[in-house]
Amino acid sequence: MRLIQICFITAAMVISFDAPAAVAQEAARDLREIVAEAAAANANLGADGVVRIGWQRADVPVTVDGMRLKPAAGLGSWAAFKSVGAGALVMGDTVVFEDEITPAMDAAIEAGLSVTALHNHFIFDDPPVYFMHIGGHGEPAQLAAGVKAVWDAIKALRAETPSPRRGVTEAAPDTGGDINPTPLEEILGAEPSVNDGVIKFTFARQGRMHGVEIGGSMGLTTWAAFSGSDALAAVDGDFIMTEDEVQPVLRALRRHGIHIVALHNHMVGGDPTYYFLHFWGVGPASSLAAGIGAARQTQASVK
């Protein structure tokens, strides 16, 4: 009798220990089906419960340092999904050529995804290749549909123009033109420096690196440089941001038609951890300044 009781107890323990694993496996299978349907893609379920989809960029020939790069050597877009409570997390990396960056980013923003990095993986590549990292947390089908929207935006552009374009601006600013700094000063609330016709605004922040106090002179700055004329100018620059400021600044710039050209870190060992967003825009100087000002106001509201 005692032996039978022990057997029952042992069996119950096995069932109780196996139950969470079985539930997790079933949830992972359900996640795979949801992602596959919403993304209209083949979804693979890993042993760790992570569901992945992928897309090899074989549609555009790429050479790196004179060598034709096969897609399997690093031209793969992917997104990985993991169940978290009633929702899921997504992380991913999308291959983008220069003219695809803005439409892909706009699609990610529209879908509620976060853009977490934008940078290169190669040098001496032709055409230049960039990688846009994304993330998100929410309902699995919406996340997967968001990734699909990003990839669809790229595919739609390539269907229209098979070869990546090296520019999207119809008219380039005249670098020999003049910009009146006064309207820009009023918009940005600061006095710029003027050098060779370039109007540059700089806004410093404070922080610590390896326990040492540092500031703007060590690179902790937001800056914007205006070239051209009042009617048609170009602005380039860099936003310094804490983690919770990244998405609001990025979205504010895009609402004003300013392109994001890089998103990454510049240092390690910083406190707080700062991220840097590089941008480029073309248009009337005052409109560009309004976009920079709106991003700074959004950033201030987060702080």
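Read-outs: derived from the displayed coordinates by stated rules, not from any lab. Note that the coordinates shown come from a computational prediction; the quantities given were computed from them, not determined experimentally. Heads up, the Cβs are rebuilt from the backbone with ideal geometry, glycines too, and the neighbour counts pull from every protein chain shown.
You can think of it this way: the chain between ASP30 and LEU232 has 67.4 nm of extra reach, that is 0.36 nm per residue less the Cα-Cα gap.
Per residue, how much space in cubic angstrom lies within the convex hull of the C-alpha atoms of the chain? Intermediate values should be presented prior to the final figure.
Numbers: hull volume 57.8 nm³, N = 303.
For the chain, the hull spanned by Cα atoms encloses 191 Å³ per residue.
A Förster radius of 51 Å, combined with the Cβ-Cβ distance separating ASN44 from MET218, puts the computed FRET efficiency at roughly 0.65.
The GNM of the chain, with springs linking C-alpha atoms under 10 angstrom apart, assigns the highest mean-square fluctuation among ASP30, ASP65, ASP93 to ASP65. Rounded to the nearest 10 degrees, the inclination of helix 246-255 to the longest alpha-carbon principal axis of the chain is 60 degrees. For MET218, neighbours were defined as the other residues whose beta-carbon sits under 13 Å from its Cβ, and their charges (Lys and Arg +1, Asp and Glu -1) total +1.
Taking the C-alpha atoms only, the angle from helix 140-160 to the longest principal axis of the chain is near 50 degrees. For the listed peptides 40-48, 288-296, a ranking on the average number of other beta carbons within 10 Å per residue, highest first, reads 288-296, 40-48. Segment 181-302 gives an Rg/Rh value of 0.97, both radii derived from C-alpha positions and Rh following Kirkwood. Be a star and scan segment 266-301 for residues whose amide nitrogen sits under 20 Å from the point 7 Å along the Cα-to-Cβ vector of HIS210. Counting only backbone N, you get 266-275. Applying 1/(1 + (r/R0)^6) with R0 = 51 Å to the Cβ-Cβ distance of SER193 and ASP59 gives a FRET efficiency near 0.70.
Provide the net charge surrounding ASN180, with neighbours chosen by a C-beta distance below 12 Å and charges set as Lys +1, Arg +1, Asp -1, Glu -1. Once positives and negatives cancel, what remains is -4. Our summary gives the chain a relative contact order of 13 percent, counting only alpha carbon pairs under 8 angstrom and 6 or more residues apart.
Within the same chain, aspartates and glutamates fewer than 8 places from LYS148 are excluded, and of the rest, those with a Cα less than 14 Å from its Cα are GLU37, ASP93, ASP106, GLU110. Electrostatic bookkeeping for ALA104 treats Lys and Arg as +1 and Asp and Glu as -1; over the other residues with beta carbon under 13 Å from its beta carbon, the sum is -2.
Modelled this way, with points 7 Å down the Cα-to-C-beta line, the labels at HIS278 and ASN120 are 0.8 nm from one another.
Counting other beta carbons within 10 Å of each Cβ, put ARG165, ARG205 in order, fewest first. Mind showing how you got there, number by number?
On the way: ARG165 12, ARG205 15.
Ordered by Cβ neighbours within 10 Å, fewest first: ARG165, ARG205.
Springs join every pair of Cα atoms under 10 Å in this Gaussian network model of the chain, and among THR182, THR202, THR94 the largest mean-square fluctuation is at THR182.
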